[in-house]
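Notes for the one structure printed next.
The values are calculated or read from the model by the stated rules, or taken from the named source; none is laboratory data. Since this is a predicted model, take the numbers as computed values, not measurements. For neighbour counting, all protein chains shown are included, and Cβ atoms are generated from backbone atoms with ideal geometry for every residue, glycine included. Remember, those area values only see protein heavy atoms, side chains included, never the ligands or the DNA or RNA. Shrake-Rupley method; radii C 1.70, N 1.55, O 1.52, S 1.80 Å.
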Number of protein chains: 2
Amino acid sequence: MDVGARLQNIRKLKGLSQRELAKRAGVTNSTISMIEKNSVSPSISSLKKVLGGIPMSLVEFFSIDVEQDSDTQVVYKADELIDISDGAVSMRLIGKAHPDRAIAFLAETYPPGADTGTDMLVHEGEEAGMLIEGRLELTVNGQTYVLETGDSYYFESSKPHRFRNPFERPARLISATTPANF
Amino acid sequence: MDVGARLQNIRKLKGLSQRELAKRAGVTNSTISMIEKNSVSPSISSLKKVLGGIPMSLVEFFSIDVEQDSDTQVVYKADELIDISDGAVSMRLIGKAHPDRAIAFLAETYPPGADTGTDMLVHEGEEAGMLIEGRLELTVNGQTYVLETGDSYYFESSKPHRFRNPFERPARLISATTPANF
DNA sequence: ACAGAGTGTTCAGGATTTACAACAAGCCGT
DNA sequence: ACGGCTTGTTGTAAATCCTGAACACTCTGT
């Protein structure tokens, strides 16, 4: 996480000098210089002030990244899926786990009693899924639902959520999450 | 942009006390307190250290929506899915079709002879899917594959692609595409 | 009621960051 | 070569942030 290089790249992309950006942002040029050289770690408020001169939000600033992947495999046999299981819940990722993929497409199996945990999951993005076998309990934003086979769900991942299988049969779920965060 | 309230919400969602989070993050509890009360604007390095104790990235931190509005439907019965069929291929969208959703999660049925068309599909994003019934032919980048039940796929949508069912049984597919373009 | 362990807040002092100003180096037109 | 402009990089003093140690409060078990 190189804040300095990141800022310098963006500034030059915008064709601004340190002084020009400083003037627009309402800070001094030395501040910009020291931030770019990583000789200081700016406070949120001052970094926000600096980005205001571009203009750019903090989210944008931290999410700037350009990567290239050379993933060529397209079709995966059932036994080729990558196992990223966490505890009792079996999760098999479809496609290679390169870090900057946008979709996490998973085949999940919840044996009886399986649970994603008492502290709710919270992250950015959206997720959707369909239950193809068994029954499964889903809690979103304090609301608890029971999914029957064939039912599906869709919600924003920023809402606290949790999956649990309190039933006697295993549940099989196909789900997609974006962005892929694991 | 209330950094303090944001941190407090996330911390409480994770069920952590100020001291507990401070310990995990390697800072003092007073730091957490003052950040949450907005009596200081933390430096990037210390905020990053604090988030490391959750753990959570800066991007997530600034992009998480901590609102608790929840009048949106989460669970959909099998017959509630929105039909967006195109030609012979039946496509049922999971979740309401609001314009700015990130994921298109679909339950698709390809009857024998069904085809997405001779001119290849090309668009932004990524897509993945799993075949849960029947057999299906998939062509990506000139390469043609035959998916058996249980097989799955994952590729970038910018590569020309096409789905076709030349077999005698209908094929059922669950797929996800991002961004949602339909 | 009390001790003990938990919670979040506050304050002085040391550490870090910022502003202001001076500095050296590069470029252009005369 | 020489100003006159720009660029980015330092010092030093002032402002801000972080730590460590208190403080007041709630809860639980004795």
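Computed values, structure above
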item: Tally of residues being more than 8 Å from DNA strand D (Cβ to nearest atom) and assigned to a helix (DSSP H, G or I) across region A:9-20; result: 3
item: Checking A:Met56 against (1) modelled with pLDDT under 85; (2) touching a Leu at 6+ places or on another chain (Cβ under 7 Å); (3) more than 10 Å from chain B (Cβ to nearest Cβ), the condition it does not meet; result: (2)
item: Residue selected from region A:133-145 under the condition open to solvent by 20 Å² or more (accessible area, probe 1.4 Å) and at pLDDT below 85, by the criterion farthest from the other protein chains (Cβ to nearest Cβ); result: A:Thr144
item: Any hit, region B:111-125, residues being outside any loop (DSSP other than H, G, I, E, B) and either modelled with pLDDT of 85 or more or buried (at least 18 other Cβ atoms within 10 Å of the Cβ) (or both); result: no
item: Members of region B:1-19 found to be away from DNA strand C (no atom under 12 Å from the Cβ) and either crowded, with 19+ Cβ neighbours inside 10 Å or closer than 26 Å to A:Asn38 by Cα (or both), listed by number; result: B:Met1, B:Asp2, B:Val3, B:Ile10
item: Residue satisfying all of: in region A:24-49; open to solvent by 20 Å² or more (accessible area, probe 1.4 Å), more than 9 Å from DNA strand D (Cβ to nearest atom) and in a helix (DSSP H, G or I); farthest from B:Ile35 (Cα to Cα) among these; result: A:Arg24
item: Subset of region A:59-74 [touching a Ser or Thr at 6+ places or on another chain (Cβ under 8 Å) and modelled with pLDDT of 80 or more]; result: A:Phe62
item: Subset tally (residues that are more than 8 Å from DNA strand C (Cβ to nearest atom), touching a residue at least 12 places away in the same chain (Cβ under 8 Å) and either within 14 Å of chain B (Cβ to nearest Cβ) or of a type in the set (D, E, K, R) (or both)) for region A:20-52; result: 9
item: Count - residues of region A:137-172 that are part of a strand (DSSP E or B) and of a type in the set (Lys, Arg); result: 3
